1. May I ask you to list the residues in region 129-157 that are among the aliphatic types (A, V, I, L, M) and surrounded by 24 or more Cβ atoms within 10 Å (Cβ to Cβ)?
2. So ALA120 fits all but one of (1) farther than 26 Å from GLU277 by Cβ; (2) in contact (Cβ under 8 Å) with a residue 60 or more places away in the chain; (3) of a type in the set (A, V, I, L, M, F, W, C); (4) buried (at least 24 other Cβ atoms within 10 Å of the Cβ); what number is the exception?
3. When THR9 is evaluated against the numbered criteria (1) modelled with pLDDT under 90; (2) not in a helix (DSSP H, G or I), which criterion, by number, is the only one it fails?
4. Taking only pairs six or more apart or across chains, which ones have beta-carbon atoms under 6 Å, a first residue in region 272-286 that is in the same structural domain as ARG48 (by TED's automatic domain parsing), and a second residue that is of a type in the set (Ser, Thr, Tyr)?
5. Which of the residues spanning region 193-215 are closer than 18 Å to GLU182 by Cα and either of a type in the set (Asp, Glu) or part of a strand (DSSP E or B) (or both)?
6. Of everything in region 488-508, what is aliphatic (A, V, I, L, M), surrounded by 18 or more Cβ atoms within 10 Å (Cβ to Cβ) and not in a strand (DSSP E or B)? Give them in sequence order.
7. Can you name the helices (runs of 4 or more DSSP H) wholly within region 239-340 that have at least 3 residues being modelled with pLDDT under 95?
8. Return yes or no: is LEU167 surrounded by fewer than 23 Cβ atoms within 10 Å (Cβ to Cβ) and not in a helix (DSSP H, G or I)?
Amino acid sequence: MQTAKQSKTNKAKARSESRKRKKDTAMPFVDEIRKNPNRVIVFDTTLRDGEQSPGCSMTQDEKLRMARLLDELGVDVIEAGFPIASKGDWEAVHEIAKNAKNAVIAGLSRALPKDIDAAAEALKPAGAFRIHTFISTSPLHMKYKLQMEPEKVLQKIHDSVAYARNLTDDVEWSAEDGSRTEDDFLCRAVETAIAAGATTINIPDTVGYSTPEDMARQIAMLVERVPNIEKAILSVHCHNDLGMAVANSLAGLKAGARQAECTINGIGERAGNAALEEIIMAMRTRHNAYGFENRIDTTRIFRTSQALSSITGFNVQPNKAIVGANAFAHESGIHQDGMLKHAGTYEIMTPESVGIQKTNLVLGKHSGRHAFKNKLEELGYILGDNAIEDAFARFKDLADRKKTVHDEDIIALIDGDALNGNERVALCDIAVSSGNKGPNKAALTLVADGTEKSIAVEGNGPIDATFKAIQSIFPHPDVALKLYQVHAVTGEIDAQADVTVQLQDNQAGHEGRIVTGQSADIDTIVASCKAYLNALNKLMAMRQVDIVARKDGP
């Protein structure tokens with residue numbers, strides 16, 4: 001047993017070692033903005049706020065993959081998670097911190113010492129890390145959520161920021177529900193946070209209530225009224241409940257904020273967050289209007305967007321700006337005529353500028369391993385030798401069955417059948433019979449907990465029969481199917497079916513948790529079976545982790 005004195009000494013030693021290990025990144029960001037007032041810090045919260053979306057929970061391997069892609073994209077700060085929320089979240093943040101190469105890694109914490117300690121400990125391996133702490137400041141939140149008087153909130157702001165600053169030089173403080181906070185109190189709160197050591201001050205539009213005019217006025221007001229504001233970088237974190245998150249973020253930047261908090265594809269709580277790709281391409285395409293600079297490699301945007309879609313099963317809508325399938329498509333005869341004469345007639349940016357290649361048909365059944373491996377690396381996949389061999393075998397099988405193989409097919413092949421090593425149930429064989437006169441039957445053979453089992457089940461269509469067969473072999477009565485979705489990977493008649501399945505856990509202690517499974521195959525029934533099993537295995541693996549109730553952040 002440690003004595004109180006020994007424990008205090010050890011904590012002081014740990015803090016000292018932490019300071020020696022990490023770079024002093026907080027001041028360089030501030031200094032960088034002073035030297036170049038047009039520089040914008042890009043803070044990505046896909047792995048924290050984005051992952052809080054129902055059905056967007058990621059495994060540790062998936063979070064590590066996304067973190068690597070975000071790092072390569074050029075994101076300045078990656079908010080890796082909420083370490084106190086669960087053992088799994090802490091471990092994921094810790095692994096991301098160990099593997100980050102360029103970005104500062106951030107962890108969220110409430111205004112509590114135990115949260116801040118958990119974040120600091122998880123982030124410790126990072127070359128540079130940030131502790132992000134928050135507390136509500138609006139009258140509504142203080143009265144009903146916190147049940148605290150304003151003066152008590154100010155004291156919590158000071159104490160939590162000062163505590164975090166003792167562990168790192170890079171501390172961000174967020175005023176949750178900041179857009180609905182009274183001006184006078186917000187100024188006092190921001191001044192208190194900076195005085196306690198905060199180097200970034202974030203003003204979240206937590207419920208997506210602001211208009212661009214509101215956000216611009218509020219940021220300008222803080223710049224004008226807070227006496228020590230020059231010691232910190234102002235940040236905006238906008239939600240999309242009224243569809244104005246990107247517009248609000250850009251308005252805040254124009255008014256004086258120099259950090260934008262955003263997510264890939266705009267995923268996040270409720271209607272989502274400001275979409276990184278839209279903010280960045282607005283800065284680039286309308287540089288004459290904004291004049292902002294950032295370090296994002298825009299040619300990696302599409303690949304990062306596709307990877308997130310495949311991991312979460314949340315497909316991007318076709319008309320989504322920048323990364324949607326129709327973003328650079330032209331069907332109108334007038335538009336096509338204009339494009340043939342000059343692309344600038346109907347395109348304000350090129351597909352290549354966001355990483356969409358005009359020609360992507362490069363591999364077929366005669367392609368070799370070397371070409372396949374190069375294509376995987378081009379698409380952003382770094383696989384071990386065994387994984388490449390397995391993927392190549394599946395690619396060859398697909399190429400034999402499908403006339404042409406596109407990049408999208410390869411992405412679906414790799415992502416749709418990605419395994420996490422925790423499978424309790426796996427597909428051996430499936431055969432279905434169906435027709436308008438019936439019966440619709442699925443004959444299924446699975447390996448469940450190491451034992452091969454077979455069954456034939458009738459259902460209301462082949463998909464229903466398949467899912468009922470899985471349920472019969474591997475009973476899971478406390479799991480409900482919430483979403484079944486199919487779309488074609490490409491446009492040909494022999495296109496692969498990309499299937500997404502969402503399951504809801506109704507087991508006591510885990511009620512409401514949603515997991516997503518995905519798979520792709522030229523046979524829709526096979527893809528559906530694999531997607532269901534993928535989701536089921538994820539759900540079973542998550543039950544092994546001692547989940548602590550997740551609290552919403554800013």
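The values are calculated or read from the model by the stated rules, or taken from the named source; none is laboratory data. Predicted model only: the values in this text are computed from it and were never measured. Neighbour counts run over all protein chains shown; Cβ positions are idealised from the backbone, glycine included.
1. First, the residues of region 129-157 that are among the aliphatic types (A, V, I, L, M): 131, 135, 140, 142, 146, 148, 153-154, 157.
Within region 129-157, ILE131, ILE135, ILE157 qualify.
2. It fails just one condition, (4).
3. So THR9 meets the others, but not (2).
4. Pairs that qualify, where the first residue is in the same structural domain as ARG48 (by TED's automatic domain parsing) and the partner is of a type in the set (Ser, Thr, Tyr), are ASN273/THR263; ALA274/SER249; ILE279/SER249; MET283/TYR290.
5. Going residue by residue through region 193-215, those that are closer than 18 Å to GLU182 by Cα are 193, 201-215.
Within region 193-215, ILE201, ASN202, ILE203, PRO204, ASP205, GLU213, ASP214 qualify.
6. Filtering region 488-508 down to residues aliphatic (A, V, I, L, M) leaves 488-489, 493, 495, 497, 499, 501, 503, 508.
Still in the list and also surrounded by 18 or more Cβ atoms within 10 Å (Cβ to Cβ): 489, 495, 497, 499, 501, 503.
Within region 488-508, VAL489, ALA495 meet the criteria.
7. Values: elements: 245-255, 276-285, 287-290, 301-312.
Ranges flagged: 301-312.
8. Details: surrounded by fewer than 23 Cβ atoms within 10 Å (Cβ to Cβ): yes; not in a helix (DSSP H, G or I): yes.
Here the answer is yes, as LEU167 does meet what is asked.
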